[in-house]
Amino acid sequence: MPSIIKLHAISGAQDESPPCYLLQVDEFRFLLDCGWDEKFNPNFIKELKRYAGQIDAVLLSFPDQQHLGALPYMVGKCGLSCPIYATIPVYKMGQMFMYDLYQSRTNMEEFDIFSLDDVDAAFDKIIQLKYNQTITLKGKGYGLTITPLPAGHMIGGTMWKVVKMGEEDIVYAIDFNHKKERHLNGCDLEKLARPSLLITDAANCMNEQERRRVRDEKLMTNILQTLRKGGNVLIAVDTAGRVLEISHMLDQLWRNKESGLMAYSVVLLNNVSYNVVEFAKSQIEWMSDKLMKTFEGARNNPFQFKHIQLCHSISELNKVPSPKVVLASSPDMESGFSRDLFVQWCSNPLNSIIVTRRTTPGTLARILIEKETSPFTIPLEVKKRVPLEGAELDAYLRSEKGKSLSNIKSEEYSSDESDNEMEQVALGKHDLVVKQEVKTKTGFFKSNKKQFPMYPFYEEKIKYDEYGEIVRPEDYKMTDLTLEAEEEVVNKENVQVKEEEMPAVDINEVPTKCVTTVRNLHVAAMIRFIDFEGRSDGSSLNKIVAQLKPHRLLIVKGNPESIQFMANYCRKSTDAKVLTPKTGDVVDATTETHIYQVKLTDALLSSLEFKKIKDAEIAWLDSKLAQKEVDEVIYSEDVTMSESVLGAEIPTLEPVKDLSLSHHATFINKLRLSDFMVVVKKAGYHCEFSGGILQCCNGTIALRKLESGTVTMEGCISPEYYQIRDLLYSQYAIV
Amino acid sequence: MATKVKVESTLPAEESDLLSIRPLGAGQEVGRSCIMLEFKGKKIMLDCGIHPGLSGMDALPFVDLVEADEIDLLLISHFHLDHCGALPWFLQKTSFKGRCFMTHATKAIYRWLLSDYIKVSNIATEQMLYTEADLESSMDKIETINFHEEKDVMGVKFWAYNAGHVLGAAMFMIEIAGVKILYTGDFSRQEDRHLMAAEIPNVHPDVLITESTYGTHVHEKREERESRFTSLVNSIVTRGGRCLIPVFALGRAQELLLILDEYWSQHPELHDVPIYYASSLAKKCMAVYQTYVNAMNDKIKNQIAVSNPFVFKHISNLKGIDHFEDVGPCVVMASPGMMQSGLSRELFESWCSDHKNGVIIAGYCVEGTLAKMILSEPEEITTMAGQKVPLKMSVDYISFSAHTDYQQTRDFIKILKPPHIVLVHGEQNEMNRLKTALIREFEVDPKNKMQIYNPRNTVAVELYFRGEKTAKVMGTLAVEPPKPGNILSGILVKRNFNYLLLDPGDLGRYSDMVISQVVQRQSMHYNGPINLLQHILTQLAGPVESLEDKKLRIFGCIDLTLVDKCVTLEWIASPVNDMYADTVLAAVLQAESVEDVPKSMPSTPTKMDRMHFKECLMEMLQDMFGEDSVPKIFKGDKLHVTVDGKKADIDLEHMVVLCEEDELLQQVVQTAVSKLYNSLSPPKVDTSL
């Protein structure tokens, strides 16, 4: 009985909006990714909200906003309560993405789409998986299994394989990367061959990538030129995904003594940079074979950066000597430090700004890509959070007084606690502590020679409670920029705690307001787009899809032209049925595959003559469906539920005695004449190729391959003819 | 049914139902773990360790009993020498060409642990099993597997569970053709300071291969044993003695360090007493402990983001005995754990004659090692140099080894309910005790049919699993729902124990196999005329189709063309067609050899002469049954024959004989009639093939 498969494209179909699809397999509804665009477009969320109660499981592919951005909102505000499946890195890094996004947004505007509570609530629902770990669903999803497979692109990136027991296998693979990168392996296509339904995207279908070396050199030259001129480089990257690839590459470049980069600074700037790097360090097993091998061999962790400095705020960044290279989030430059720095730096022609990915049309980064030739002027909304002053402050304080009386208790509790903690910690810059720790790591043990205390731990003891490292607010006092609220939360992020009251408390303590001004920015800095997206490019994408030979292909995401291009390519090169839904469409992808299971008796199997072909064996089978009977031989009582339930209804095949059954012989295998030539030569016959024809035994026998795949063998009658024929037959499995 | 038995016996290995589990090491002993699994033609080796009490080739498991090149898969449970010590030798010095897997952390530590082992082994170089270079190159042959990640090697599916015990220790669940085997390696169900308790698989294995190191012992509670340990250390150093703790460099040592470091920071009065950890190896592997936190317990996972619990505040590293100033009380942790040689042995020998000093054996000791020997508190011991020295220092034994104890094993089994349990990795007596205790424990439950085995080394446990073989019927063949009695014919594709039944036309759709066609064209000289050829062929094959000028089709599948005294045969290759082609070829050669070609060919009858047949039939029946058996004259297609008063009716139109009185007669006449008909009728070929 074929399953009913439907896909509802809530967002991300025939355009570049974030992916969000509702996949229905019989009764079970999967939500495939739950992305939100950079500007939090409310339209499709309205649509998605309606299904919040019906979703049975969410599958996440990547940790960025594009793939899980709407999750906190859905869980926190719409009551999505089903289990969410993701790999460990997607879980960890996804949290970082969301914290960073929340923080960046809060720094510039009143942000209430979701709170940090929502983020934690959403991530608490995640069931963390490893690659190739098969999860059997229960209840409504009985008979369904899901398996995450490596997809490249970002750490923990996943292609999902959903299998309906014994029949359908659905593969959901978007934004994957088949190429090996510095820190990641390419996606694993081997396990995907011939899915009954492949859901993929064509977003990158019309783009051709430069070769990796050319691209890297371009980045390198750009950086060097700008730095030598005395300008700063801003590289807009994401929080915890592609940034790993770029930062690892930059750190390696800086290590190279001949590069001449040692004199300059390189900074990783986002609200959670310390944690991102720490998590990266403990996820070596998810990275490329090469990194793993170096780690096993030399024990140096590739994310133990030697040159990259970690910063969490603009004021920290200002302390780093210029000229410098700054990797700042977010890649779209709609929010975060990359936007702040852009505003600061864009007018200086010495600076250069590098965009690393094509973000959604309309975002600042995309506008820059499309212009690319500076100088030009663009109007830009500059949002800022500033402390209240004068009359405004008074009014605010008055109104707050009443409110605060009611919830004074809880506030006291939290502020008391943090006060105590603060007192215990000695003065010092937070980052220094972090660095100290980094250094002492090589010293696993206390220094042996006490008389030369190299690492004065006693003074620098790091205290922590169950929430993590204790926060010292002095560390974050800023001298130049006084964005109090921001600092507080930066601290919070640093120590990765789960107390969400803090930002609220902060706003109470230091009243701030958000101001928005539209400024016409004169952009004089050099703007470059260097593709660090790390996704399979056009030609390979088509090849991969054609190679997977899906029975059905569902193309989502990507502009209409590229989808059309890919659809045409696949219609031509495979026998797949291609579906291209628009946003909002519900497409029926039910396959009319006929399938059922049968039991094979030993008597039947032993009567077969198996022929080997590659890794499989084949045989011709004539059999009769047996009358139903109670099968008494069950080898153990502990066969899993599924097996025993199925076993009840499986018919049995028995051998047939009737000799009148006959069939045409079938030759199986694809012969390549060049391979066959080797075989012939090995058998001691003379043979050579001429004009696509394989001539054997002094030209008395000729073999050629027609376009239809048919091999013809021609020759005079001779003993050799029969010998060569035997060799030819041995290349096939004949049943 | 006799044939059936014969069929069973000729079943190839991959179809057999026999699962054999053979310990090549660790069978009724501790050390050199190495267990062979054989099922359905697949051979799997579990662990490949060395015996710590033996050296050189003697320390190896009995691998000479198996063919290394036939082994498909080798799984290493964790990095202890008795589980992976022989691996470089096995990978580099034997013909093994299968695949080898271990977890990430195990692989990272394995590299440094074995390199250390090579350095400290005090045996002559010619006896060394492998060198540093062998170890280095063995790294490339080892693949890694993450916990819970499913791998498939030629149809053998396997995945790993956390086993506790040491960092990266894994239990392997192996599934071959639906039969699941769980190999625990060394495991512990007790969570400790940095490791999680062994996971309980959510699938029930059919066979459980479990360690039995501690037999029926029950460990004391973690808190008790920790406080006993710390107070013992405290009392030794406060009485002015030196405290020696021989430990295995990695694994339990990290746990002890965490305990000591915490104890020291809580007791400022002890700060003057130094704690040394003499292991460069542990220092080397620090990065590994920092990285693979995902394999540790939740406490560490949460803590590592804040500060590293493996940065010790009161423990100093000791490079070697040369750097050690032996003045006053101290605590020294030194490897190896069983004091076979190395630093722990040296320190022990120099300290053992002072009663103030103390040694604490904190782990499991194998028979034949010094550590095991001193537990029986002998008066004197023999040093490595051969001298006899009195043993006066206090000897204590506190087990910190994270092996399962009786309670844990019993509970583990209760949950998993495996029908078969194979005990390995335990001394003979302990194993027997455990076996008896388990049998007694589970015999109360009448539903339980648990079998427990404790094989000796090289002795195989043989179990039979009647695995069910199911095939998926797909595509055209499956259009009609299965009905009893239906005939199914198609191609059965077998890959990795999965069967797929397909119509040949669907092969390309549902598998990566391609159906091909081979066309053959044979040519030879022929001087004779075409009509002679045609005549001979017609005699042979019945009607010959004339396609076009000088082109004939014989048997409906062989095309013959005669051009310029050259005959060309063309046909689509298949066993039957090839046979026809050979026949035609023979006919051509025969025609060639006819010297006097008659001017005109006698026309070959293409139609049956029915009158002639009737005459012949009468004659034959008269010959068979006597003159009077058949009527002299008959009309139409009905005839009857009378023998001994029984009458058989013959229907000549349908060639059917009917005799209700005597079945035997009916058969005899039927055979005679059909044979006669066939011999008289012109050749006819069933061209449906």
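The values are calculated or read from the model by the stated rules, or taken from the named source; none is laboratory data. Source: prediction; values computed, not measured. Heads up, the Cβs are rebuilt from the backbone with ideal geometry, glycines too, and the neighbour counts pull from every protein chain shown.
Quick notes on this structure:
- Residue ranges of helices (runs of 4 or more DSSP H) in segment A:270-335 with at least 3 members closer than 29 Å to A:Thr359 by Cα: A:273-281, A:314-318
- For beta carbons closer than 6 Å, sequence separation of 6+ or different chains, a first residue in segment A:117-141 that is within 14 Å of another protein chain (Cβ to nearest Cβ) and closer than 22 Å to A:Ile4 by Cα and a second that is at pLDDT below 90 and assigned to a helix (DSSP H, G or I), there are no qualifying pairs.
- Residue match in segment B:49-61 (condition: surrounded by fewer than 18 Cβ atoms within 10 Å (Cβ to Cβ), among the polar types (S, T, N, Q) and either closer than 19 Å to B:Val422 by Cα or modelled with pLDDT under 90 (or both)): no
- Residues that are within 38 Å of the chain's Cα centre (by Cα), modelled with pLDDT of 85 or more and not in a helix (DSSP H, G or I) within segment B:252-294 comprise just one, B:Tyr292.
- Residue tally, condition more than 20 Å from A:Asp64 (Cβ to Cβ) and buried (at least 20 other Cβ atoms within 10 Å of the Cβ), over segment A:113-142: 3
- Failed condition for B:Asp582, given (1) without any contact (Cβ under 8 Å) to a residue 60 or more places away in the chain; (2) within 13 Å of chain A (Cβ to nearest Cβ); (3) surrounded by fewer than 21 Cβ atoms within 10 Å (Cβ to Cβ); (4) over 19 Å from A:Thr712 (Cα atoms): (4)
- Within segment B:483-499, the residues that satisfy the criterion of being crowded, with 20+ Cβ neighbours inside 10 Å and under 19 Å from A:Tyr732 (Cβ atoms) are B:Gly490, B:Ile491, B:Leu492, B:Val493, B:Lys494.
- Just one residue in the set B:Val218, B:Val203 is in contact (Cβ under 8 Å) with a residue 24 or more places away in the chain, away from every other protein chain (no Cβ under 14 Å) and surrounded by fewer than 18 Cβ atoms within 10 Å (Cβ to Cβ); that residue is B:Val218.
- Filter pass, B:His425 being surrounded by 19 or more Cβ atoms within 10 Å (Cβ to Cβ) and touching a Gly at 6+ places or on another chain (Cβ under 9 Å): yes
- Among (1) part of a loop (DSSP other than H, G, I, E, B); (2) touching a Leu at 6+ places or on another chain (Cβ under 9 Å), the one test that A:Asp175 misses: (2)
- A:Lys191 being within 14 Å of chain B (Cβ to nearest Cβ), under 22 Å from A:Gln597 (Cβ atoms) and in a strand (DSSP E or B): no
- Contacts under 6 angstrom Cβ, first residue in segment A:36-50 being closer than 20 Å to A:Gly79 by Cβ, partner of a type in the set (Ser, Thr, Tyr) and at pLDDT 85 or above, 6 or more apart: A:Phe44/A:Ser11
- Of all residues in segment B:528-565, those satisfying the criterion of being at pLDDT below 80, under 59 Å from the mean Cα position of the chain (by Cα) and part of a strand (DSSP E or B) are B:Glu545, B:Leu547.
- Taking (1) modelled with pLDDT under 90; (2) under 21 Å from the mean Cα position of the chain (by Cα); (3) of a type in the set (D, E, K, R) in turn, A:Asp100 satisfies each apart from (1).
- Whichever residue in segment A:570-602 is of a type outside the set (S, T, N, Q) and in a helix (DSSP H, G or I) and, among such residues, is surrounded by the fewest Cβ atoms within 10 Å (Cβ to Cβ): A:Lys572
- Flag if B:Phe324 is within 14 Å of chain A (Cβ to nearest Cβ) and either of a type in the set (Lys, Arg) or farther than 21 Å from B:Met286 by Cα (or both): yes
- If you go through segment B:493-505 and keep only what is at the interface with another protein chain (Cβ under 7 Å from one of its Cβ atoms), more than 23 Å from the chain's Cα centre (by Cα) and within 28 Å of B:Lys157 (Cα to Cα), you end up with just B:Leu501.
- Segment B:131-188: number of residues that are assigned to a loop (DSSP other than H, G, I, E, B), more than 16 Å from the chain's Cα centre (by Cα) and more than 20 Å from B:His204 (Cβ to Cβ): 11
- Yes/no for B:Ile145 being away from every other protein chain (no Cβ under 14 Å), more than 19 Å from B:Cys285 (Cα to Cα), β-branched (Val, Ile, Thr) and touching a Lys or Arg at 6+ places or on another chain (Cβ under 9 Å): no
- Meets criteria (more than 14 Å from chain A (Cβ to nearest Cβ) and buried (at least 22 other Cβ atoms within 10 Å of the Cβ)) for B:Phe158: no
- Qualifying position, being within 15 Å of A:Leu604 (Cβ to Cβ) and either modelled with pLDDT under 80 or more than 7 Å from chain A (Cβ to nearest Cβ) (or both), among B:Gly467, B:Gly485, B:Gly508, B:Gly490: B:Gly467
- Subset of segment A:677-694 [in contact with a strand residue (DSSP E or B) (Cβ under 7 Å, 6 or more places away or on another chain) and in contact (Cβ under 8 Å) with a residue 24 or more places away in the chain]: A:Val680, A:Tyr685
- Within segment B:662-682, the set of residues being modelled with pLDDT of 80 or more and not in a helix (DSSP H, G or I) comprises B:Asp662 only.
- Within the span defined as segment B:329-347, every residue fails to be part of a loop (DSSP other than H, G, I, E, B) and β-branched (Val, Ile, Thr).
- Against the criterion of being touching a Ser or Thr at 6+ places or on another chain (Cβ under 7 Å), under 24 Å from B:His403 (Cβ atoms) and in contact (Cβ under 8 Å) with a residue 24 or more places away in the chain, B:Arg22 qualifies.
- Scanning segment A:624-645 for residues that are at pLDDT 80 or above, within 7 Å of chain B (Cβ to nearest Cβ) and closer than 30 Å to B:Asn202 by Cα turns up nothing.
- Verdict on A:Glu296 being of a type outside the set (Lys, Arg) and without any contact (Cβ under 8 Å) to a residue 60 or more places away in the chain: yes
- Residue that is farthest from B:Asp582 (Cα to Cα), among those in segment A:705-735 that are more than 10 Å from chain B (Cβ to nearest Cβ) and within 48 Å of the chain's Cα centre (by Cα): A:Glu707
- Residue check, A:Asn275 at pLDDT below 90 and crowded, with 16+ Cβ neighbours inside 10 Å: yes
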